[in-house]
Every structure is written in structure tokens, then in C-alpha cells.
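Engineer: Structure below; questions to follow.
The values are calculated or read from the model by the stated rules, or taken from the named source; none is laboratory data. Quantities reported herein were computed from a predicted structural model and do not represent experimental measurements. Positions of Cβ are backbone-derived with ideal geometry, glycine not excepted, and every protein chain shown enters the neighbour counts. Side chains included, ligands, DNA and RNA excluded: accessible areas come from the protein's heavy atoms. Shrake-Rupley method; radii C 1.70, N 1.55, O 1.52, S 1.80 Å.
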Amino acid sequence: MARISYLELPVSDVAGVKAFYSGAFDWAFTDFGPDYASTMSGDSDLGLNGDASQSTALLLPVIDVADLEATLARVTAAGGIVTHPIFAFPGGRRFHFRDPAGHELAAMQVEPMKD
């Protein structure tokens, strides 16, 4: 079953926002390059996205799905508008879309970890 497993914040200063959440809540972050950091608790995690080309206006709920292409087809068939087509990132692939009320979300398919 698809579920919201991730929340992503658009930020202009990844290091500064990471320091805030680390200091305020003792959250540990993993860096994925200079423009991205994420908690890795395995429950609902928080990502800090500093890549301006992927920036959203508000918090970005991310839905973990098993089949990204099938989800893309279902989202568009249901009336969703794709705002960022499928793209790869370290750890998986995703796309962004707006629901009929105008909220932006993302659907993500995680790649299995390699040994």
C-alpha cells in the first residue's frame, strides 16, 4: 500500500537548516551531495532539498510506491498534473505532481541498497 513516508522541505541553506533540526531535535542527517540531506530513521523521514531546479513552494509530501510508472499513469488518469517528470536521485527515482486542489506532492520508488 502506498503511504506518505517522507517530507521534503525546499531550503536555500542546507547546512544551516540541517544544523537547526540537529540542534533542536537531535536529528542526524545523511548528506547526499552539497544540495541534499536527509534523516534516515526508516519511518517518516525529512529531506532538505537545496537544488533550486527542484524547488517547491511549500513542504513536499513524498509517497513511497512500488511501481513509479504505474503510479504516474494512475495520477494523470485521476486528474493530477505532473510538475516534474520522472527523474533519478541517489537512492531512487521520483516525479512531482499537483492534485486537483493545487497541492504539490511527489511519488518515489526507492532502489534497493547495493552491497
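Engineer: Along the three principal axes, how long is the chain when you take its alpha carbons, biggest first, rounded to the nearest angstrom?
Structural biologist: Principal extents (largest minus smallest coordinate, Cα): 43, 36, 22 Å.
Engineer: So between A101 and M113, what do we pick up on full extension, going 0.36 nm a residue minus the alpha carbon distance?
Structural biologist: On the way: separation 12, 0.36 × 12 = 4.32 nm, distance 3.53 nm.
Separation in residues times 0.36 nm, less the Cα-Cα distance, equals 0.8 nm.
Engineer: If I stretch the segment between F25 and R3 completely, what's the gain in nm (0.36 nm per residue apart, minus their alpha carbon distance), one decimal? Walk me through the intermediate numbers first.
Structural biologist: Details: separation 22, 0.36 × 22 = 7.92 nm, distance 2.42 nm.
Full extension from F25 to R3 adds 5.5 nm.
Engineer: Mind checking the angle between helix 14-25 and the chain's longest principal axis? C-alpha axes, 0 to 90 degrees, to the nearest 10.
Structural biologist: Taking the Cα atoms of the chain, the angle to 14-25 is about 70 degrees.
Engineer: Any idea of the accessible area per residue across region 9-115, 1.4 Å probe, to the nearest Å²? Working shown, then result.
Structural biologist: Details: 6350 Å² over 107 residues.
The answer is 59 Å² per residue.
Engineer: Taking R0 as 35 Å, what's the FRET efficiency between A78 and S55 from their Cβ-Cβ distance, rounded to 0.05? The partial results should precede the final answer.
Structural biologist: On the way: r = 25 Å, r/R0 = 0.71.
Once rounded, the FRET efficiency stands at 0.90.
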